[in-house]
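First the structure, in the form of structure tokens, and then the observations on it.
The values are calculated or read from the model by the stated rules, or taken from the named source; none is laboratory data. Bear in mind the structure is a predicted one, so any value in this text is a computation, not a measurement. Please note: Cβ atoms are built from the backbone with ideal geometry, for glycine as well, and neighbour counts cover all protein chains shown. These accessible areas exclude ligands, DNA and RNA; they are computed on the full protein's heavy atoms, side chains included. Shrake-Rupley method; radii C 1.70, N 1.55, O 1.52, S 1.80 Å.
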Amino acid sequence: MTYLWLKAGHIIFVIFWIAGLFMLPRLFVYHQEATAGSEEAARFAEREKKLLKIILLPSIIVVWVLGIALAITLDAWSQGWLHAKLLLVLILSGYHGYMSAYAKKLARGERPLSGKALRLLNEVPGITVALIVILVIVKPF
Ligand code: HEM
């Protein structure tokens, strides 16, 4: 039973985390279309800060904690699919960190990336998540 509750909790917070990772670059694109220093830009900075603090940070922590608890429960550490999955989750966690730093730059009025680059960056979670789910469901190796 514990294993099933762990897995249910794991997937629930995976959904919250990934939803937040999809939303954030979208907010950045609209933020950068607002006039720098305007009230609208300040409102976007506030939304991004809240999304990071209330949704993204708690979710990444719970996904890791429950994911590791599942791996311990299943003693899955020697399994190839988990190694590949962990590599992809590390990439996704790095992406989270990069986006969190970008939000701080935007709040300071810096806009290092173009709207086009941000839209391209938005593809990273989509592709990574598809690969992670294939690995954990199909367990090809
Ligand atoms: C953060 C590090 C993570 C670890 C250590 C981890 C580990 C695990 C383990 C050991 C299982 C149980 C597999 C089984 O029941 O056969 C599992 C299930 C699952 N994980 Fe993760 N996971 C992590 C992150 C993620 C992420 C980021 C996603 C999706 C984007 C994800 C999606 C899933 C799914 C969909 C399942 C259910 C698979 C099934 O029903 O068989 N996990 N995870």
Taking the Cβ-Cβ separation of R47 and R111 as r and a Förster radius of 22 Å, what is the calculated FRET efficiency to the nearest 0.05? 0.85
Taking each pair of different alpha-carbon atoms in segment 1-63 once, compute 1/r for the pair, average those values, and report the inverse of that mean as the Kirkwood hydrodynamic radius in Å to one decimal. 12.9 Å
For the chain, what is the accessible area per residue in Å², given a 1.4 Å probe and the full set of protein chains? 59 Å²
When the solvent-accessible surface of protein heavy atoms is calculated with a 1.4 angstrom probe, in what order do H83, H10 fall, highest first? H83, H10
Evaluate the Kirkwood expression for the hydrodynamic radius of segment 91-141, namely the inverse of the mean inverse distance over all pairs of different C-alpha atoms, and round to one decimal in Å. 12.6 Å
The chain - percent of accessible surface contributed by carbon and sulfur, probe 1.4 Å: 72 percent
Return the lysines within reach of K53: Cα separation strictly under 19 angstrom, same-chain partners fewer than 8 residues apart disregarded; answer none if there are no such residues. K104, K105
Hz values of 3J(HN,Hα) by residue in segment 105-122 - Karplus curve (6.51, -1.76, 1.60), Gly and Pro given as x: 4, 4, 5, 7, x, 7, 9, x, 10, 6, x, 5, 4, 5, 5, 5, 4, 5
Compute the separation of the alpha-carbon centres of segment 86-141 and segment 10-56 and state it in Å as a whole number. 13 Å
Given the whole protein assembly as supplied and a 1.4 Å probe, what does the accessible area of R119 come to in Å², nearest 10? 100 Å²
Spelling out what I want: for every residue of segment 126-141, take phi, set θ = phi - 60°, compute 6.51 cos²θ - 1.76 cosθ + 1.60 (Karplus), and round to whole Hz; glycine and proline get x. x, 5, 5, 4, 4, 5, 4, 5, 4, 4, 7, 8, 7, 6, x, 8
In whole Å, what are the extents of segment 2-138 along the principal axes defined by its C-alpha atoms, from largest to smallest? 53, 25, 17
Quick one: Karplus J couplings for segment 39-44, per residue in order, coefficients 6.51, -1.76, 1.60, θ = phi - 60°, nearest Hz, x for Gly and Pro? 4, 4, 4, 5, 5, 5
May I ask you to compute the full-extension gain from R26 to L74, defined as 0.36 nm times their residue separation minus their alpha-carbon distance, rounded to one decimal in nm? 13.6 nm
With a sphere of radius 13 Å drawn around the Cβ of R108, what net charge do the other residues whose Cβ falls strictly inside it have (Lys, Arg +1; Asp, Glu -1)? +2
